[in-house]
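Right, one structure below, let's go through it.
What follows is calculated from the coordinates using simple rules that are stated; it is not laboratory data. Small disclaimer: the values here were computed from a predicted structure and weren't measured. Here the Cβ is made from the backbone with ideal geometry for all residues, glycine too, and neighbour counts use every protein chain on show.
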Amino acid sequence: MDDEKWLREGERFDDLERNHYRIIQNPEKFCFGMDAVLLSGFVRVKEGENVIDLGTGTGIIPILLKAKTPGKHFTGLELQAESVDMARRSVAYNGLERSIDIVEGDICTASERFGASRFDVVTTNPPYMTGQHGIVNPELPKAIARHELRCTLEDVVREGARLLKPGGRFYMVHRPFRLAEIIQVLTRFHLEPKRIKFVHPYVDREPNMVLMECCKGGRPRVTIEAPLIVYTAPGVYSPEIYDVYGY
């Protein structure tokens with residue numbers, strides 16, 4: 001396949017190490033990180049289920065979930081037109097048009113767009129930082145992806161809850177320093193935390209990511225899973241990371 005016809009200026013293909021899938025990205029805009037890959041390894045999708053990813057970026061999570069799970073159909077919702085274009089070309093390049101739809105639209109009105117109780121699973125890797133956290137990147141695509149400029153945590157959770165069928169599952173990766181706020185918002189919208197997994201850069205460092213599974217309308221009971229350690233030594237991934245990435 002002629003790669004050049006699929007790429008625009010500044011773009012490249014990245015190998016996803018799964019089913020020979022590749023994804024188009026532009027490093028000058030925004031590339032997916034480890035958080036998206038770890039979320040894809042944490043999510044559980046059953047045969048025949050329909051999934052929507054809120055804020056899909058270049059489509060990394062739907063493509064990885066298609067490779068890793070027996071789900072029926074995957075939808076990626078993304079606000080930024082450039083990312084939508086890249087995601088759609090990646091879907092077409094990998095021959096996944098029947099399994100994955102990339103939709104341009106706003107998370108804040110997702111339930112109006114798709115309708116209530118439409119999906120079995122919602123996934124999201126939302127902006128982590130509020131306007132008061134950190135320095136806002138002057139390059140807008142990266143700023144929107146990292147800071148709550150176009151949607152807040154409450155927007156993401158509210159719309160995710162509305163999109164889910166009763167008993168559906170909501171999966172999110174976020175930062176542990178906002179965990180108290182996250183749980184408060186989740187339970188307000190009747191998303192009951194069921195599994196929580198902390199991600200530590202090294203075994204002796206505090207976690208810098210948290211993976212969460214919630215059930216719409218579930219009863220209060222949560223399992224704190226064994227932590228995921230990223231590195232066993234500088235530059236050396238742990239066996240679990242190699243497994244998630246498929247190396």
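Among beta bridges identified by DSSP and lying wholly in the chain, the antiparallel ones come to about 45 percent. Placing +1 on the Cβ of every Lys and Arg and -1 on the Cβ of every Asp and Glu, with nothing else charged, gives the range 161-215 a dipole about its Cα centre of roughly 260 debye. A simple spin-label model places pseudo-atoms 7 Å from Cα toward Cβ; at Asp15 and Ala81 they are separated by 3.5 nm.
The reciprocal of the average 1/r between distinct C-alpha atoms defines the Kirkwood hydrodynamic radius, which for the range 3-245 equals 18.2 Å.
The range 95-116 and the range 1-68 have Cα centres spaced 16 Å apart. The mean sequence distance of close C-alpha pairs (under 8 Å, at least 6 residues apart), as a share of the length of the chain, puts its relative contact order at 16 percent.
Each peptide in 230-239, 174-183 was scored by the mean count of other Cβ atoms within 10 Å over its residues; highest first, the order is 174-183, 230-239. Dipole magnitude for the range 1-106: computed about the Cα centre from +1 point charges on Lys and Arg Cβ and -1 point charges on Asp and Glu Cβ, it is near 480 debye.
Using only the Cα atoms of the range 1-123, each taken as one equal point scatterer with no solvent, compute I(q) by the Debye sum, divide by I(0), and report log10 of the ratio at q = 0.14 Å⁻¹. Log10 of I(q)/I(0), two decimals: -0.55.
Converting phi to 3J(HN,Hα) with the Karplus coefficients 6.51, -1.76 and 1.60 and the offset θ = phi - 60°, the range 32-41 yields 5, x, 4, 4, 5, 5, 5, 4, 4, x Hz in sequence order, with x at every glycine or proline.
Measuring how big the range 53-105 is from its alpha-carbon positions, Rg and Dmax come out at 9.7, 29 Å.
Of the listed peptides 158-165, 107-114, 3-10, what is their order by residue-averaged count of other C-beta atoms within 10 Å, with the highest listed first? Please report the intermediate quantities before stating the final value.
Numbers: 158-165: 22.9, 107-114: 17.5, 3-10: 10.5.
Highest to lowest by the protection proxy: 158-165, 107-114, 3-10.
The charge dipole of the chain, taken about its Cα centre with unit charges on the Cβ atoms of Lys, Arg (+1), Asp and Glu (-1) only, comes to about 960 debye. Kindly provide the helix-only [θ] at 222 nm of the chain, computed as the sum of -39,500 (n - 2.57) over DSSP H runs of four or more divided by all residues, to the nearest 500 deg cm²/dmol? The helix contribution divided over the chain gives -8000 deg cm²/dmol.
Farthest towards the positive end of the charge dipole of the chain, among the residues Val222, Leu179, Val37, is the Cα of Val222, using unit charges on the Cβ of Lys, Arg, Asp and Glu.
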